[in-house]
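Reading through the structure tokens given below for one structure.
Every number in this text was worked out from the coordinates using simple rules, so none of it is lab data. These numbers come from a predicted model, not from an experiment. Here the Cβ is made from the backbone with ideal geometry for all residues, glycine too, and neighbour counts use every protein chain on show.
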Amino acid sequence: MSAASSPSALRGRVAEALLPPLVALLVSIVAGDLLILAVGQSPGAVYRLMLEGTWGNAYGFGQVLYKTTTLVCTGLAVAVGLRAGLFNIGAEGQLAAGGLGAALVGLALPAGTTALLAVPLCTVAALAGGGIVGYVPGVLRARWGAHEVITTIMLNFVVLAFLSWLLSGRLRVPETLHTNAIRAGALPRLSAWWAPFHGSASNASLIIVLAAAASTSWYLFHTSRGYELRAVGLQPDAAESGGVSVGKTWIRALTISGALAGLGGINFVLGYEHYYEEGFATGAGFLGIAVALVGRSNPFGVVLAALFFATLSQGGLAINALVPKQMVDALQGVVILAMAASVPEVRRLLTLRRGAK
């Protein structure tokens with residue numbers, strides 16, 4: 001048995017994967033207790049109300065699943081970029097572009113078009129819309145060395161402004177901020193399959209997004225292209241020496257990243273309101289950065305982190321009667337900081353422990 005596959009090495013990898021999020025969770029709970037006590041409330045009562053408003057009833061849990069769906073997409077977008085050594089901060093613009101792409105195709109299809117045809121076409125359009133927006137900073141980085149942090153965050157403003165102009169001048173229903181409703185087939189609500197979800201926005205796009213997360217994991221860890229992407233993220237010079245085109249890999253990584261963010265647009269456009277609305281993506285792109293960091297840039301970790309942050313987001317509405325909703329935003333920041341601090345500290349402690357044996 002090789003050293004890399006020995007039980008002790010396996011335990012070390014498991015510990016390195018699980019301990020940082022557990023430490024971050026414990027730190028955030030302690031910080032949350034202190035914040036709650038500072039406003040004169042009981043932590044137990046606040047946490048109980050949060051659980052009752054999210055996981056404690058079908059409607060609240062349905063809302064958690066709806067928010068999770070979008071956050072999985074933006075989290076995957078950031079995670080793929082990080083795996084390639086790139087920091088994609090443009091998921092918000094990519095998400096909005098994907099939503100508009102899905103809406104445009106849906107509006108172009110005749111009324112009554114079956115969902116079996118309309119949903120795949122709109123989903124491809126969402127992937128293409130986000131992918132195009134992701135492709136641009138990839139080319140700028142590969143060809144001219146423009147840093148993706150600058151180009152992706154600037155493209156957020158450019159893309160959102162362009163979409164706002166397009167909506168207001170060409171597509172908007174008068175006196176609203178949205179397009180006409182899609183008359184072709186769309187995604188059903190989860191309440192169609194389980195009645196207690198009635199009223200919640202959760203819909204079948206969750207299944208598509210979970211399949212995308214599984215596909216992303218397979219691509220990253222079980223294909224040669226995924227290996228090249230991860231190799232470039234770890235050591236671009238070594239990867240270049242091994243025959244990998246770093247520039248093409250950067251372009252591919254940011255295009256895939258943008259496409260995954262754009263996929264999140266179907267959650268709102270096809271599964272919820274059935275139209276594109278200006279501002280529907282607000283906040284989801286930047287929260288996807290937190291999701292990717294807490295999920296350790298692993299697709300399955302991203303799913304769990306998205307579920308956690310969606311619970312906090314929905315829970316903030318449930319506890320608003322006791323504490324300010326902004327407290328949830330503070331807790332999200334604490335989780336991110338605790339995660340950033342715990343990863344190197346856990347690695348250091350595990351290294352010291354292995355060295356002492």
Handout entry: Residue-wise HN-Hα coupling along region 92-106, computed from phi with Karplus coefficients 6.51, -1.76, 1.60 (Hz; x: Gly, Pro)
Key = 5, x, 5, 4, 5, 5, x, x, 5, x, 5, 5, 4, 5, x
Handout entry: Helical mean residue ellipticity (222 nm; -39500 (n - 2.57) per DSSP H run of 4+; nearest 500) of the chain
Key = -24500 deg cm²/dmol
Fill in the blank from the handout: The extension gain from Leu116 to Asn180, computed as 0.36 nm times the residue separation minus the Cα-Cα distance, is 20.9 nm
Exercise for the section: Rounded to the nearest 0.05, what FRET efficiency do Leu234 and Glu345 give with R0 = 25 Å and r taken as the Cβ-Cβ distance? Could you check? Expected result: 0.75
Problem - About the Cα centre, charge dipole magnitude for the chain (Lys/Arg +1, Asp/Glu -1 at Cβ), debye - result: 860 debye
Handout entry: Under-5 Å amide H pairs with Val244, H placed in peptide plane, nonlocal only
Key = none
Problem - Protection-proxy order for peptides 110-122, 209-221, each taking the mean of Cβ atoms within 10 Å per residue, highest first - result: 209-221, 110-122
Problem - Modelled FRET efficiency - R0 25 Å, Leu34 with Trp55, Cβ distances, 0.05 increments - result: 0.60
Fill in the blank from the handout: Taking placed amide H atoms and a strict 5 Å upper bound, the residues 5 or more places from Asn203 or on another chain that come that close are Leu190
